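The values are calculated or read from the model by the stated rules, or taken from the named source; none is laboratory data. Because the structure is predicted, anything quoted here is derived from the model rather than measured. Glycine also receives a Cβ, built like all others from the backbone with ideal geometry; neighbour counts cover every protein chain displayed.
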Amino acid sequence: MSVLELEDLKVHFPIRSGVVFDRTVGHVHAVDGVSLSVETGSTYGLVGESGCGKTTLGRAVLRLVDITSGHVRFEGTDLAGLSGEEMRRRRSRLQMVFQDPLGSLDPRQNVESILAEGLEVHGIGQSRADRRTKIVDTLERVGLASNALSRYPHEFSGGQRQRIGIARALVLEPDVIICDEPVSALDVSVQAQVLNLLEELQSAFGLTYLVIAHDLAVVRHISDVIGVMYLGGLVEEAGADELYADPMHPYTKALLSAVPIPDPVVEDAREQILIPGDLPSPSSPPSGCRFHTRCPWRQPERCDTERPELREVAPGHRVACHYAEEIRAGELRSRSADVAAGTPPPA
Amino acid sequence: MALLTVDNLSVTFTGNNQRPVRAVDGVSFGMDEGEVLGLVGESGCGKSVTSLALMGLLPTRGVEVGGRVHFDGTDVLSLPSRRLRDMRGSQLAMIFQDPLSSLNPVVPIGRQVTETLRRHKGMRGRAARDRAAELLDRVGIPDPARRLTEYPHQLSGGMRQRALIAMAVACAPRLLIADEPTTALDVTIQAQILDLLGELARSEGTSLLMITHDLGVVAGLCDNINVLYAGRVIEVSSRKQLFASPHHPYTAGLLGSVPRLDAPRGEALTPIRGSINDTIDWDDGCAFAPRCDHYTMECLTGTPELVRAGEGHQHRCVNPVNLDPGSAHADRPDPVAEGGNVR
């Protein structure tokens with residue numbers, strides 16, 4: 001059963017201009033029609049490069065940014081239509097862990113005060129002592145001793161701060177935790193500790209995660225289902241193993257081939273698909289398929305004009321590419337292969 | 001012939017009424033002409049400070065630099081600043097992590113690229129501009145003539161890093177130091193930049209010192225790798241050997257902490273305990289001992305030396321892992337004279 005469902009979610013930010021008259025001159029299409037569903041107790045990983053809209057999507061689920069159109073259903077209720085007060089009450093069930101643990105913790109609040117704030121707001125716990133017991137329990141779950149209560153964020157290391165961030169979310173006993181780049185600010189040796197902690201907590205409390213990250217290896221490690229985003233839209237979605245074994249969208253292929261693997265033998269043997277250029281501006285996204293400006297398999301006409309739908313190509317595997325099957329069957333040649341072979345691409 | 005020899009380099013930051021902080025604590029390594037060397041470590045291990053010391057870019061006040069750095073026979077550390085300026089940009093060049101803050105925001109890209117050409121090659125006007133356009137083209141910036149007139153904020157992150165690389169290679173330096181050149185970039189752009197750096201090093205014969213925290217980055221690019229921990233080199237190896245059989249528990253721990261894209265899923269990560277703050281002074285023993293699963297009392301009885309364990313493979317550990325049964329004890333008591341810190 002899915003606990004969280006997104007349907008054609010759009011978040012557009014207006015671009016304003018003008019000194020005297022405030023005019024809207026255009027929109028940044030940060031999230032542009034994303035539909036996905038997250039199963040109860042599972043982890044959905046959302047990957048993409050900076051500027052693809054993954055963070056905005058996570059914030060839109062919690063209504064931390066305004067939703068332009070579309071629906072976010074949490075256990076059947078459409079969060080997009082709730083009033084501010086109703087949404088606020090739901091937030092104890094939907095929590096978030098932020099990327100930068102130092103930036104997301106108030107430097108002037110001690111750990112107890114940080115964790116108690118949520119409990120007070122949501123009226124959890126009878127008394128102060130009651131709340132303190134709960135906080136101590138939670139701290140212990142995330143691997144912090146109770147002497148942390150009276151200390152301040154700056155006294156902790158990066159990994160410990162991220163544990164405080166996780167404890168802050170966990171103390172409200174949420175069903176869903178949205179983790180926005182939970183480990184990207186941490187050192188490699190500490191990353192693994194936090195990843196293991198997240199997995200441990202999931203199996204202990206039956207949590208559902210929506211993990212947003214740019215590091216494919218991290219996402220693959222903890223996710224059951226992975227969605228790949230490019231310029232505001234989902235381009236591919238599949239089970240974590242399936243996505244790695246059989247990526248079908250050209251962007252996913254390029255992304256997977258670009259991740260360096262700490263093994264020289266693999267690195268030497270590997271064929272890289274280098275995609276040229278940079279991410280186009282989300283304020284004027286390319287027509288047709290958003291990826292066609294960089295795609296090595298781009299076909300004339302159709303890719304430039306018709307935006308591909310996310311369609312199911314195998315059970316649980318959805319791809320937004322007109323030619324996914326042809327590319328897999330090797331019927332289309334990539335431009336990079338042509339360049340490598342020294343033959344000019346067909347006109 | 002060794003192009004660069006770093007011998008017992010140490011950097012200590014001293015502040016008023018503050019305990020001095022030793023960021024680099026006796027780092028020694030050498031680089032050959034055309035070699036691509038990786039310097040790997042986590043934040044706080046001293047890798048960036050090492051690179052700044054090599055370039056002579058550390059402030060003179062509040063910093064004590066010890067040891068010797070020889071570049072092509074010249075002692076870099078004792079060079080007067082004028083001679084050093086002649087050398088920087090022409091013989092030695094550096095690329096930094098954050099391309100936006102290393103470029104001057106109010107000067108067009110063209111002026112910034114031609115600056116090195118003017119300073120070191122005496123090129124002026126049209127000739128300098130044409131050469132700058134050639135350089136931008138060489139590093140893969142499309143439409144170079146137009147880009148020359150643009151400002152850094154008009155370029156994307158990948159383009160800015162390419163522009164920096166163009167500036168660094170403008171005078172065909174013999175040694176290029178790249179300090180986390182791809183950390184601020186997206187993974188597809190990272191692949192482009194790594195490809196470019198590797199290709200430049202091979203085709204121009206430039207030596208490349210690659211400083212990074214990402215083991216994946218060095219796995220594909222570097223010939224040899226030095227692993228740093230708490231200001232010291234703890235393992236030296238060719239890249240194949242390092243990844244196949246890391247000897248130091250810290251290196252092994254790092255490899256065990258990284259989720260691999262090609263590993264079977266569900267495989268648990270084996271993190272290293274604690275954090276970089278849990279160290280002891282090298283003088284008292286092995287700095288890594290408090291976080292190490294293999295430590296014995298012997299680890300706390302004095303500074304471990306770099307010892308040789310096989311061809312081109314050294315480690316600073318009294319209780320190493322992944323050793324061949326035969327070579328384990330045969331080589332252990334033999335401190336490597338030039339690599340170690342015999343005091």
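Can you name the residue in the stretch A:278-292 that is closer than 20 Å to residue A:247 by Cβ and not aromatic (Phe, Trp, Tyr) and, of all such residues, is farthest from the chain's Cα centre (by Cα)? Give the steps one after another, and end with the answer.
The first filter runs over the stretch A:278-292 and keeps only residues closer than 20 Å to residue A:247 by Cβ, leaving A:279, A:289-292.
Remaining after also requiring not aromatic (Phe, Trp, Tyr): A:279, A:289-290, A:292.
Details: A:279: 18, A:289: 21, A:290: 19, A:292: 23 Å.
Of everything passing the filter in the stretch A:278-292, A:292 is farthest from the chain's Cα centre (by Cα).
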| said: For the list (1) crowded, with 16+ Cβ neighbours inside 10 Å; (2) more than 12 Å from residue A:7 (Cα to Cα); (3) of a type in the set (Gly, Ala, Ser), I need the number of the one condition that residue A:70 fails. | reply: (2)
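Could you say whether any residue in the stretch A:114-135 is closer than 22 Å to residue A:186 by Cβ and either in a strand (DSSP E or B) or acidic (Asp, Glu) (or both)?
Pass one, the stretch A:114-135, residues closer than 22 Å to residue A:186 by Cβ: A:114-115.
Narrowing the set further to residues that are either in a strand (DSSP E or B) or acidic (Asp, Glu) (or both) leaves none.
The answer is no; no qualifying residue exists.
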| query | Among helices (runs of 4 or more DSSP H) lying entirely in the stretch A:146-234, which contain 2 or more residues that are among the charged types (D, E, K, R) and either without any contact (Cβ under 8 Å) to a residue 24 or more places away in the chain or on the phi < 0 side of the Ramachandran plot (or both)? | reply | A:158-170, A:188-205
| query | When you go through (1) surrounded by fewer than 20 Cβ atoms within 10 Å (Cβ to Cβ); (2) among the hydrophobic types (A, V, I, L, M, F, W, C); (3) not in a loop (DSSP other than H, G, I, E, B) one by one for residue A:102, which number turns out not to apply? | reply | (3)
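Report, by residue number, each residue of the stretch A:127-150 that is within 14 Å of another protein chain (Cβ to nearest Cβ) and within 16 Å of residue A:116 (Cβ to Cβ).
Filtering the stretch A:127-150 for residues within 14 Å of another protein chain (Cβ to nearest Cβ) gives A:143-145.
Hit for the stretch A:127-150 is A:144, nothing else.
Pick out, from the stretch B:52-131, the helices (runs of 4 or more DSSP H) lying fully within it that include 2 or more residues that are in contact with a helix residue (DSSP H, G or I) (Cβ under 7 Å, 6 or more places away or on another chain). Quick ask: steps written out before the conclusion?
Details: elements: B:81-87, B:99-102, B:109-116.
In the stretch B:52-131, the matching helices (runs of 4 or more DSSP H) lie at B:99-102, B:109-116.
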| remark: Within the stretch B:170-196, of all residues that are in contact with a His (Cβ under 9 Å, 6 or more places away or on another chain) and either under 21 Å from residue A:51 (Cβ atoms) or within 14 Å of chain A (Cβ to nearest Cβ) (or both), the one surrounded by the most Cβ atoms within 10 Å (Cβ to Cβ) is B:186
| field | Some residue of the stretch A:245-256 being modelled with pLDDT of 90 or more, surrounded by fewer than 22 Cβ atoms within 10 Å (Cβ to Cβ), among the basic types (Lys, Arg) and closer than 30 Å to residue A:186 by Cα | value | yes
| task | Can you tell me which residue within the stretch B:197-221, out of those that are within 16 Å of residue A:259 (Cα to Cα) and buried (at least 21 other Cβ atoms within 10 Å of the Cβ), is farthest from the other protein chains (Cβ to nearest Cβ)? | result | B:212
| Does residue A:254 meet the test of being under 23 Å from the mean Cα position of the chain (by Cα) and facing chain B (nearest Cβ under 10 Å)? | yes
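Quick one: which strands (runs of 3 or more DSSP E) sit completely within the stretch B:190-285 and have at least 1 residues that are in contact with a helix residue (DSSP H, G or I) (Cβ under 8 Å, 6 or more places away or on another chain) and closer than 19 Å to residue A:193 by Cβ? Steps first, please.
Values: elements: B:207-212, B:224-229, B:232-238.
Filter on the stretch B:190-285 gives B:224-229.
So, residue B:289, is that one surrounded by 20 or more Cβ atoms within 10 Å (Cβ to Cβ), free of Cβ contacts under 8 Å to residues at least 24 places away in the same chain and not hydroxyl-bearing (Ser, Thr, Tyr) or not?
yes
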| What residue, of A:170, A:207, A:186, A:201, is under 26 Å from residue B:259 (Cβ atoms), within 14 Å of chain B (Cβ to nearest Cβ), out of contact with any His (no Cβ under 6 Å at 6 or more places or on another chain) and hydrophobic (A, V, I, L, M, F, W, C)? | A:186
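How about the stretch A:219-234: which of its residues are at the interface with chain B (Cβ under 10 Å from one of its Cβ atoms) and not hydroxyl-bearing (Ser, Thr, Tyr)?
Narrowing the stretch A:219-234 to residues at the interface with chain B (Cβ under 10 Å from one of its Cβ atoms): A:219-224.
Result: A:219, A:220, A:221, A:222, A:224.
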| query | Where in the stretch A:16-85 are the strands (runs of 3 or more DSSP E), entirely inside, with at least 3 residues that are touching a Ser or Thr at 6+ places or on another chain (Cβ under 7 Å) and not charged (D, E, K, R)? | reply | A:23-39, A:43-47
| remark: Within the stretch A:235-251, the residues that are part of a helix (DSSP H, G or I) and either among the basic types (Lys, Arg) or within 11 Å of another protein chain (Cβ to nearest Cβ) (or both) are A:240, A:241, A:242, A:243, A:244, A:245, A:251
| task | Count, please, the residues in the stretch A:295-318 that happen to be within 22 Å of residue A:278 (Cα to Cα), in contact (Cβ under 8 Å) with a residue 40 or more places away in the chain and within 26 Å of the chain's Cα centre (by Cα). | result | 2
| said: Of everything in the stretch A:294-322, what is β-branched (Val, Ile, Thr) and either crowded, with 20+ Cβ neighbours inside 10 Å or closer than 13 Å to residue A:248 by Cα (or both)? Give them in sequence order. | reply: A:313, A:319
| When the residues of the stretch B:89-125 are filtered to those that are among the charged types (D, E, K, R) and exposed (fewer than 15 other Cβ atoms within 10 Å of the Cβ), which remaining residue is nearest to residue B:200 (Cα to Cα)? | B:118
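Is one or more of the residues making up the stretch A:260-282 at pLDDT 90 or above and either buried (at least 24 other Cβ atoms within 10 Å of the Cβ) or more than 11 Å from chain B (Cβ to nearest Cβ) (or both)? Outline the logic, then answer.
As a first pass, look at the stretch A:260-282 and keep what is at pLDDT 90 or above: none.
No, the stretch A:260-282 contains no residue that is at pLDDT 90 or above and either buried (at least 24 other Cβ atoms within 10 Å of the Cβ) or more than 11 Å from chain B (Cβ to nearest Cβ) (or both).
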| request: Would you please name the residue that is surrounded by the most Cβ atoms within 10 Å (Cβ to Cβ), looking only at residues in the stretch B:126-159 that are more than 14 Å from chain A (Cβ to nearest Cβ) and of a type in the set (A, V, I, L, M)? | output: B:132
| Selection from the stretch A:299-339 of residues that are at pLDDT 90 or above and part of a loop (DSSP other than H, G, I, E, B) | A:306, A:307, A:308, A:309, A:310, A:315, A:316, A:320, A:321, A:322, A:323
